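Asks: The structure is given below, and queries will be raised subsequently.
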Amino acid sequence: MSDRPRRTLPRVLVGAAVLLVLVLVGAGAVWFTQGGAPTIGGPFKLVNGQGKTVTDRDFRGHYLLVYFGYTFCPDVCPTTLSQMADALDALGSKAAEVQPLFITVDPKRDTPQVVGQYVANFSPRLVGLTGTPEEIAKVAREYRVYYAIHKNAEQPADYTVDHSSILYLMSPSGAFIAPIRADQSGADMAKDIARHLS
Amino acid sequence: MRRLLLLSLLAMPLLVPSGPTRAESGPIQVQQVWSRAAPQGRVGVLYMTVTDSGAPDQLVAVSTPVAEKAELHESVAEGGVMKMRPVAAAPVETGKPLVLKPGGYHVMLMGLRRTLKEGDEFPVTIRFAHAGPISVTAHVAKAGAAAAPAEMGRGNGTMSH
């Protein structure tokens, strides 16, 4: 009688283990069938700083380093874009394989001209993209980027935009590779990126 | 009406700058005032370090002829989302310098009246809740620079008045 609890305990453990395996297999199946991590990113049609329409297909063959931000942002966005430029410098010859992209989350203010002039301040290699509010909403959704206008009650024109601050490294075939932290130096960013380049 | 008058009278001492008005020997010093290259008509930024050897004070306003508006802002990261919010005042305390730097407190310059180029300098006036205004010179670093221009030594860009 006294050994009975000892027998049931392993059974409980086996039961828990079986359940855990089932859950993991199930989660794995969902991950696999939905493509797992690669569900970040997707097709887009936007306009560059020269007013030319570009799509994700135009960048095939290059790794993409994608950052979402806006030009009416004097502090964080310029810091990140400057660090992206520093990272490209630090990557040396490998930098040619990487195309940095800045996609605005403020299409109302950020016209192609504004975006083009803005990105030129940081690196001649940086491409700035804008679009209609719908096109921006679509690409942000694909990249799972959160953004929301924060109104300024006294000065409606001076609204700011809250937004996810993260970089996305995409493969030459357009698949998501890894998130890259935005709040790090260009040198550290370059190390992060270099680990994923073949 | 009488109550309003009374309140106004009570508030008067708060509005009049108290403490020493001789800025050169005042307890507050402003150093490392720097900005970033940015085109005319767009937005710019100001960073600085404010030290206080006297009573606690608050930085409440900044003005410069190079911008239509200058507002004290703070960048805040919340769960991977960056937010920028105006703030009415930033505290300056003894032994605890107020550092305006990338990713935190900063002054947002709106409507730049001229293009700010790397190496440029421009005048800035900083106002406090108690201490008198302090005029300084800002030095322009490259666009998106993470720190003050290298050629700008400590103590450079201190107050004039």
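The values are calculated or read from the model by the stated rules, or taken from the named source; none is laboratory data. Keep in mind it's a predicted model, so treat the numbers as computed, not measured. Using ideal geometry, Cβ is built from the backbone for each residue, glycine included, and neighbour counts are taken over all protein chains shown.
Asks: So, in the stretch A:151-185, how many residues would count as being closer than 17 Å to A:S82 by Cα and at the interface with another protein chain (Cβ under 8 Å from one of its Cβ atoms)?
Replies: Count: 4.
Asks: Here's a follow-up. Could you please find all residues in the stretch A:79-94 being more than 25 Å from A:G42 (Cβ to Cβ) and either part of a loop (DSSP other than H, G, I, E, B) or more than 12 Å from chain B (Cβ to nearest Cβ) (or both)? It would help to see each step written out before you state the result.
Replies: Initial filter on the stretch A:79-94 (more than 25 Å from A:G42 (Cβ to Cβ)): A:79, A:82-83, A:85-86, A:89-94.
Scanning the stretch A:79-94 gives A:D89, A:A90, A:L91, A:G92, A:S93, A:K94.
Asks: Return the only residue of A:R125, A:R109, A:R141 being touching a strand residue (DSSP E or B) at 6+ places or on another chain (Cβ under 7 Å) and charged (D, E, K, R).
Replies: Just a single option satisfies the conditions, and that option is A:R125.
Asks: Among the residues of the stretch A:144-157, is there at least one that is under 20 Å from the mean Cα position of the chain (by Cα) and on the phi > 0 side of the Ramachandran plot?
Replies: The initial filter retains those residues of the stretch A:144-157 that are under 20 Å from the mean Cα position of the chain (by Cα), namely A:144-149.
Narrowing the set further to residues that are on the phi > 0 side of the Ramachandran plot leaves A:144.
Checked the stretch A:144-157: at least one residue is under 20 Å from the mean Cα position of the chain (by Cα) and on the phi > 0 side of the Ramachandran plot.
Asks: For the stretch B:57-113, how many residues meet the condition of being of a type in the set (A, V, I, L, M), touching a Lys or Arg at 6+ places or on another chain (Cβ under 9 Å) and outside any strand (DSSP E or B)? Spell out the reasoning first.
Replies: Of the residues in the stretch B:57-113, the ones of a type in the set (A, V, I, L, M) are B:59-62, B:66-67, B:70, B:72, B:76-77, B:81-82, B:84, B:87-90, B:92, B:98-100, B:107-110, B:112.
Applying the additional criterion that residues be touching a Lys or Arg at 6+ places or on another chain (Cβ under 9 Å) yields B:59-62, B:66-67, B:76-77, B:108-110, B:112.
Those left that are additionally outside any strand (DSSP E or B): B:66.
Here the count works out to 1.
Residues checked against (1) more than 9 Å from every other protein chain (Cβ to nearest Cβ); (2) surrounded by fewer than 17 Cβ atoms within 10 Å (Cβ to Cβ):
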| site | (1), (2) |
| --- | --- |
| B:M110 | no, no |
| B:D120 | yes, yes |
| B:I126 | yes, no |
| B:H130 | yes, no |
| B:V136 | yes, no |
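Asks: Next question. Could you check the stretch A:115-144 and list, in sequence order, the residues that are under 12 Å from A:V47 (Cα atoms) and within 12 Å of chain B (Cβ to nearest Cβ)?
Replies: Matches in the stretch A:115-144: A:V115, A:G116.
Asks: Scanning the stretch A:101-134 for residues that are crowded, with 21+ Cβ neighbours inside 10 Å and of a type in the set (D, E), which turns out nearest to the chain's Cα centre (by Cα)?
Replies: A:D106
Asks: Quick check: anything in the stretch A:151-161 of a type in the set (A, V, I, L, M, F, W, C), over 12 Å from A:G69 (Cα atoms), buried (at least 21 other Cβ atoms within 10 Å of the Cβ) and touching a residue at least 40 places away in the same chain (Cβ under 8 Å)? Even if it seems obvious, please write down each step before you answer.
Replies: At the first step, the residues of the stretch A:151-161 found to be of a type in the set (A, V, I, L, M, F, W, C) are A:153, A:157, A:161.
In the following step, the residues that additionally are over 12 Å from A:G69 (Cα atoms) were identified as A:153, A:157.
Keeping just the survivors that are buried (at least 21 other Cβ atoms within 10 Å of the Cβ) gives none.
The answer is no, given that none of the residues of the stretch A:151-161 is of a type in the set (A, V, I, L, M, F, W, C), over 12 Å from A:G69 (Cα atoms), buried (at least 21 other Cβ atoms within 10 Å of the Cβ) and touching a residue at least 40 places away in the same chain (Cβ under 8 Å).
Asks: Quick one: count up the residues across the stretch A:68-90 that are crowded, with 20+ Cβ neighbours inside 10 Å and either among the basic types (K, R) or touching a helix residue (DSSP H, G or I) at 6+ places or on another chain (Cβ under 6 Å) (or both).
Replies: Applying the first criterion (crowded, with 20+ Cβ neighbours inside 10 Å) to the stretch A:68-90 yields A:68-88.
Of the ones still in play, those that are also either among the basic types (K, R) or touching a helix residue (DSSP H, G or I) at 6+ places or on another chain (Cβ under 6 Å) (or both) are A:69, A:71, A:83, A:86-88.
Of the residues in that region, 6 qualify.
Asks: Looking at A:E154, is it within 24 Å of A:V54 (Cα to Cα) and in the same structural domain as A:V66 (by TED's automatic domain parsing)? Let's see the steps before the verdict.
Replies: Working: within 24 Å of A:V54 (Cα to Cα): no; in the same structural domain as A:V66 (by TED's automatic domain parsing): yes.
Answer is no for this residue.
Asks: A follow-up question, please. Mind listing whichever residues of the stretch A:46-62 are in contact (Cβ under 8 Å) with a residue 40 or more places away in the chain and touching a Lys or Arg at 6+ places or on another chain (Cβ under 9 Å)?
Replies: A:V54, A:D56
Asks: Please go through the stretch A:142-177 and give me each residue that is under 19 Å from A:H62 (Cα atoms) and small (G, A, S), ordered by number.
Replies: A:S171, A:S173, A:G174, A:A175
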